[in-house]
Amino acid sequence: MLRSMGFRLVSAALKEGRVTPTELCQRCLSLIKSTSFLNAYVTVAEETALKQAEESEKRYRRGQPLGVLDGIPIAVKDNFNTAGIETTCASNMLKGYISPYNATVVQKLLDQGAVLLGKTNLDEFAMGSGSTDGIFGPVRNPWSYSRQYKEKTPPKSSSENEESDWVITGGSSGGSAAAVSSFTCFVALGSDTGGSTRNPAAHCGVVGLKPTYGLISRHGLIPLVNSMDVPGILTRCVDDAAVVLGSLAGHDPKDATTIQDTFKPFELPNLIDVRKLCIGIPKEYHAPGLSSEILALWSKAADLFKDAGAKVIEVSLPHTRYSIVCYHVLCTAEVASNMARFDGLEYGHRADMNKSTESMYAATRREGFNDVVRGRILSGNYFLLKQNYENYFIKAQKVRRLIANDFVKVFGSGVDILLTPTTLSDAVPYMEFIKEDNRTRSAQDDILTQAANMAGLPAISIPTALSKRGLPVGLQFIGHSFQEKQLLTVAKWFEKQVKFPMIQLEEVKRHDCSVFQHQKSVSFL
Amino acid sequence: RAAPHPAPGEGGEGRAYGWLRASTLRSGNAVHPPFASPATAALASWVPVVGLEIHVQISSNSKLFSGSQVQFAAPPNSLVSFFDASLPGTLPVLNRRCVEAAVMTGLALNCSINKKSLFDRKHYFYADLPAGYQITQQRVPIAVNGSLSYSLCIDNKMSQMVTKTVRIKQIQLEQDSGKSLHDDARSQTLVDLNRAGVGLMEVVTEPDMCCGEEAAAAVRELQLILQTLGSSQAIMAEGQLRVDANVSVHHPGEPYGVRTEVKNINSVRFLAKAVDYEIQRQIEELENGGTILNETRSFDSKLGCTIPMRDKEGKQDYRFMPEPNLPPLILYDAKSLPVNMNHQQVVNIDWIRERLPDLPSVKRAKLVELYGILPEHSFTLLNEDGLAEYFENVIKQTQMKPKKVIGWILNDLLSYLKQHALTVKDSPVSSFLLADLLNLLERREISSSAAKQVLEELWKGEGKTPLKIVKEKKLELIQDQKELEQICQSVIDRQEDEVIMMVLGRNQKVLNKLIGLVQRATRGRSNPVLVKQILEKKLSE
């Protein structure tokens, strides 16, 4: 119960003294250890976490907690700057890099008493859709080890092969999704540029929210594509996502692209009437490669709304099919630009090469970046060349505008929320996934999520059901700009209807017994 | 931008170019090559074309996109924010003061101000450019289509001034780079990021000038305008104003020639030299059958010539891209200003326009009109920082006519300051003291030669008033007619020859000599008019 209901119940338990922040922190830390084979965390900040928990405990003892987030263990994707804790982007370029400052979102969570357990794994510089392409190795999907998956997907042959059956988390925020999914933390921050929060959330059976561009500060998020990056929120339930959003949203003087208007945090109602809603089903999201299973779930979800009295209509977003190629140009161009700063002079990796400044740059960047990053830098620079700029970059920007206009038209026609699948299929086994290269994978996997980034719209992936293989499937809701309250309200209603099952992890069970057996009073465990 | 190291042994040395005189250059804007044969001379006249790119450091407490302080000659890397060092995840936040300075400058240069301008990234790898790109305004700059009027004198005669105009193509806001220091001995490069991210205005002119003197006069006028506005201190020696000159030559009626860009010019004087040198070099190159390369050249002030710079492997592609972290820069005017907008957060063009100070050209005209001084004197007054104010303060406190005061200001004060390399602000004699002194002169309490003696004392800055010095040194005019007559008599007695000549021919020269002698005898304490009267009277007796 405690786990599936999110942190608000835990907050109450903390307030009532039934559990202390330190106990909670210690439990999470030892869970991180016992699930370390997932490779979800790249840095565990045990010492500072315990210190933060201790501070939180003092506040609770004084009866002055900072709010519902006080004492709540969180994890942060390793492309957010954290003062004093290594920030690597899973790249050799930043291995050992300790930032002198906190990203605004990290600072805001800490200011509200959250306990930062550590930094989570990702694809190098968030470039990928599997969380398989970082220097720390791939993240394993906790569901690979669930009773649900094991029962439905028996090992192919020998026990040797069992090792190769584990499935990917999706990405690039796979570490954060796995961390929330495996109960090692209650909230994790991810980033979402083309779907990097929603994709792994769908594969790991957690809620993944990508807020409207400009609602949350990007200051301190190491950029992939500045014009599309948004800090993402991964939680166990929609209510949690709303609370975290409320604590992060709003203008940041350090990020000129954040909105000027003040953001009013909101609570989601428990009784939700969807009868006045108009749900749009964009036909273009019936994309090639969409699994029949997901298609079926999608229409079932649409029926759910219809049956509850909502208006459900098919809509068209005709330019969606150009979004992959358009994204490729815009993304690589910004990547080429953003990565220029990694030259080995001010920080990060520096090659042992003294022949000339230029040769030092070259060696540093060759050693520091993986093939994926280097490939994107190369193509991005190609698109930005004077002779190519008009034909590629400008054209891609125009296409982006068309994609965004598609949404404007649909929303202008009275549609409140769009309902789509988040991914084409459930998570594939790692051995399967790496048969294709990163570029092909990213193009396939971002196809249903990317357009929301192009248009800057808020979108959320909600765990909906388990596939035949016993793996989570998520559906996506896309809302109007800055209408997160409406989006989350609908998502919460949907979450309530689908009753997504809880992951049954052996490691967690065993763990619970050892740590909490004396805690008889914790009745909700 | 090009590498700071000129390649040794390339170009320059071994050639002796004759200096062109600026006056030659101006004759009909065409230049005749010094060694042209009579047959080709008519065909081969050249028209030089000069355009400037001027980088102006904005006078602001903090940098263009970060809160770091701006300060010249601070300890290396002491004024570097996380953003300036391009730490990952940092974002630019536009400094309002820099925007206002650019709008002010744009208005002063008669530009149209773009209500919406954009920022772009310009990419190149360089040690003192930590982000690997410079944020600038390539597509839509903040101000466009302006003009700058400047005056220069013909044939070095201050009395013959002409006014010319150069069109301003655009003014763009951009970041300054850091500084690299190359230690060749230890083969290392040291980087100072204090300057990295300081706000610059790049003022780009159209190629409307034709010689070094014009370029120099235009830049000098721009410098004065910037200083008047306070948008930049514009001190070239401190790098607050840096000029790159684009120079080409062509035959009249033909298209412009291939241009070169001359960099590393760090004074107005060197600008004139560099441009004229480059024009002459190009003409000679072409006359000798050579071609001009589209290259960057560096001015060597010691050798007085331009030298090709080692270009970084051919032409650079800067891969311009919109800066995604900065929304468009929106400016308002009285009409478009939103009612409920926080005024602290908007820049209102009209508000700035209404508060523009008098520009140098207007100030000069006012000085000429108010005080009846010569136009060329108004130029001199404005050329020195604070001199016009000093002059006006003296006028306010003295009964002496401005036309007379200007002589004291320009001949005595200014030459003293120049000699001692002092600024007007640092003058040991305040406008109050000088006015005091000039009042003694005006009231005929002392002679002008005595006044000069008093001034000599005043320069010492010992805090004595002019009157006290007059008293101490006994410099008052001899008011006693008899005493003066006696002195005159004794001079006459001692100068028999002269007196005879005087009596014979009424020679003015001789009279002056006698007056001088009386002055000497009285140590400047005699009123020359009175002395003259006495002498004339005595000699005609």
TODO: Mind listing whichever residues of segment B:191-203 are open to solvent by 10 Å² or more (accessible area, probe 1.4 Å), away from chain A (no Cβ under 11 Å) and not acidic (Asp, Glu)?
DONE: B:194, B:195
TODO: At least 3 residues that are free of Cβ contacts under 8 Å to residues at least 60 places away in the same chain and loosely packed, with under 14 Cβ neighbours inside 10 Å in each: list the helices (runs of 4 or more DSSP H) lying fully within segment A:1-67 that qualify.
DONE: A:46-61
TODO: Please find, within segment B:298-336, the residue that is farthest from the other protein chains (Cβ to nearest Cβ) out of those that are of a type in the set (Lys, Arg) and free of Cβ contacts under 8 Å to residues at least 40 places away in the same chain.
DONE: B:302
- [ ] Tell me the helices (runs of 4 or more DSSP H) entirely within segment B:377-419 that contain at least 2 residues that are touching a Leu at 6+ places or on another chain (Cβ under 7 Å).
- [x] B:387-397
Task: residue A:399 open to solvent by less than 10 Å² (accessible area, probe 1.4 Å) and farther than 23 Å from residue A:200 by Cα - done: no
- [ ] Determine which single condition residue A:373 fails, assuming it passes every other condition in (1) more than 14 Å from every other protein chain (Cβ to nearest Cβ); (2) touching a residue at least 40 places away in the same chain (Cβ under 8 Å).
- [x] (1)
Task: Hits in segment A:254-283 - residues which are within 14 Å of chain B (Cβ to nearest Cβ) and part of a loop (DSSP other than H, G, I, E, B) - done: A:254, A:256, A:257, A:258, A:259, A:260, A:261, A:262
Task: Every residue from segment B:423-452 that is within 16 Å of residue B:478 (Cα to Cα) and of a type outside the set (Lys, Arg) - done: B:440, B:441, B:442, B:445, B:446, B:447, B:448, B:449, B:450, B:451
- [ ] For residue A:470, indicate whether it is on the phi > 0 side of the Ramachandran plot, surrounded by fewer than 24 Cβ atoms within 10 Å (Cβ to Cβ), modelled with pLDDT of 95 or more and touching a Ser or Thr at 6+ places or on another chain (Cβ under 9 Å).
- [x] yes
- [ ] Return the total of residues in segment A:93-127 being part of a loop (DSSP other than H, G, I, E, B), open to solvent by 10 Å² or more (accessible area, probe 1.4 Å) and either farther than 20 Å from residue A:184 by Cα or within 12 Å of chain B (Cβ to nearest Cβ) (or both).
- [x] 6
Task: Set B:82, B:125: member being open to solvent by 10 Å² or more (accessible area, probe 1.4 Å) and either touching a Gly at 6+ places or on another chain (Cβ under 6 Å) or modelled with pLDDT under 95 (or both) - done: B:125
Task: Search result, residues across segment A:339-360 that are in contact with a strand residue (DSSP E or B) (Cβ under 9 Å, 6 or more places away or on another chain) and not hydroxyl-bearing (Ser, Thr, Tyr) - done: A:340, A:341, A:345, A:346, A:354
Open item on the list: Can you find a residue that is touching an Asp or Glu at 6+ places or on another chain (Cβ under 6 Å), assigned to a helix (DSSP H, G or I) and open to solvent by 10 Å² or more (accessible area, probe 1.4 Å) anywhere in segment B:222-230?
Closed with: no
Open item on the list: Can you tell me which condition residue A:340 does not meet? The list is (1) outside any loop (DSSP other than H, G, I, E, B); (2) in contact (Cβ under 8 Å) with a residue 60 or more places away in the chain, and all the others hold.
Closed with: (2)
Open item on the list: The conditions are (1) more than 9 Å from chain B (Cβ to nearest Cβ); (2) assigned to a helix (DSSP H, G or I); (3) without any contact (Cβ under 8 Å) to a residue 60 or more places away in the chain; (4) of a type outside the set (A, V, I, L, M), and residue A:361 fails exactly one of them. Which is it?
Closed with: (1)
TODO: Just give me the residues in segment B:164-215 being of a type outside the set (A, V, I, L, M, F, W, C) and in contact with a Cys (Cβ under 7 Å, 6 or more places away or on another chain), in sequence order.
DONE: B:199
Task: Failed criterion for residue A:183 (all others in (1) over 11 Å from the mean Cα position of the chain (by Cα); (2) part of a strand (DSSP E or B) hold) - done: (2)
TODO: Please tell me if residue A:83 is among the hydrophobic types (A, V, I, L, M, F, W, C) and more than 14 Å from chain B (Cβ to nearest Cβ).
DONE: no
- [ ] Considering only residues that are in contact (Cβ under 8 Å) with a residue 60 or more places away in the chain and over 21 Å from residue B:98 (Cβ atoms), look in segment B:337-362 and name the one that is farthest from the other protein chains (Cβ to nearest Cβ).
- [x] B:361
- [ ] Would you please name the residue that is nearest to residue A:143 (Cα to Cα), looking only at residues in segment A:194-225 that are touching a helix residue (DSSP H, G or I) at 6+ places or on another chain (Cβ under 6 Å), within 14 Å of chain B (Cβ to nearest Cβ) and open to solvent by less than 10 Å² (accessible area, probe 1.4 Å)?
- [x] A:224
Open item on the list: Testing residue A:135 on (1) closer than 22 Å to residue A:28 by Cβ; (2) more than 14 Å from chain B (Cβ to nearest Cβ); (3) surrounded by fewer than 24 Cβ atoms within 10 Å (Cβ to Cβ), one condition comes back false. Which one is that?
Closed with: (1)
Task: Tally of residues being assigned to a helix (DSSP H, G or I) and either at pLDDT 90 or above or buried (at least 17 other Cβ atoms within 10 Å of the Cβ) (or both) across segment B:474-484 - done: 1
Open item on the list: Looking only at segment A:315-337, filter to residues that are of a type in the set (Ser, Thr, Tyr), in a helix (DSSP H, G or I) and open to solvent by 10 Å² or more (accessible area, probe 1.4 Å); which one of those is nearest to the other protein chains (Cβ to nearest Cβ)?
Closed with: A:327
- [ ] Kindly establish whether residue A:312 is surrounded by fewer than 16 Cβ atoms within 10 Å (Cβ to Cβ) and of a type in the set (A, V, I, L, M).
- [x] no
Task: Scan of segment B:326-345 for residues that are more than 33 Å from the chain's Cα centre (by Cα) and either of a type outside the set (A, V, I, L, M) or surrounded by 13 or more Cβ atoms within 10 Å (Cβ to Cβ) (or both), ordered by number - done: B:326, B:327, B:328, B:335, B:336, B:337, B:338, B:340, B:342, B:343, B:344, B:345
Open item on the list: Which numbered condition in (1) open to solvent by 30 Å² or more (accessible area, probe 1.4 Å); (2) at pLDDT 95 or above is the only one that residue A:356 fails?
Closed with: (2)
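The values are calculated or read from the model by the stated rules, or taken from the named source; none is laboratory data. This one's a predicted model, so the numbers in the text were calculated from it and none came from an experiment. Backbone-built Cβ (ideal geometry, glycine too); neighbour counts: all protein chains shown. Side chains are part of the model used for accessible areas, which takes the heavy atoms of the whole protein and leaves out ligands, DNA and RNA. Shrake-Rupley method; radii C 1.70, N 1.55, O 1.52, S 1.80 Å.
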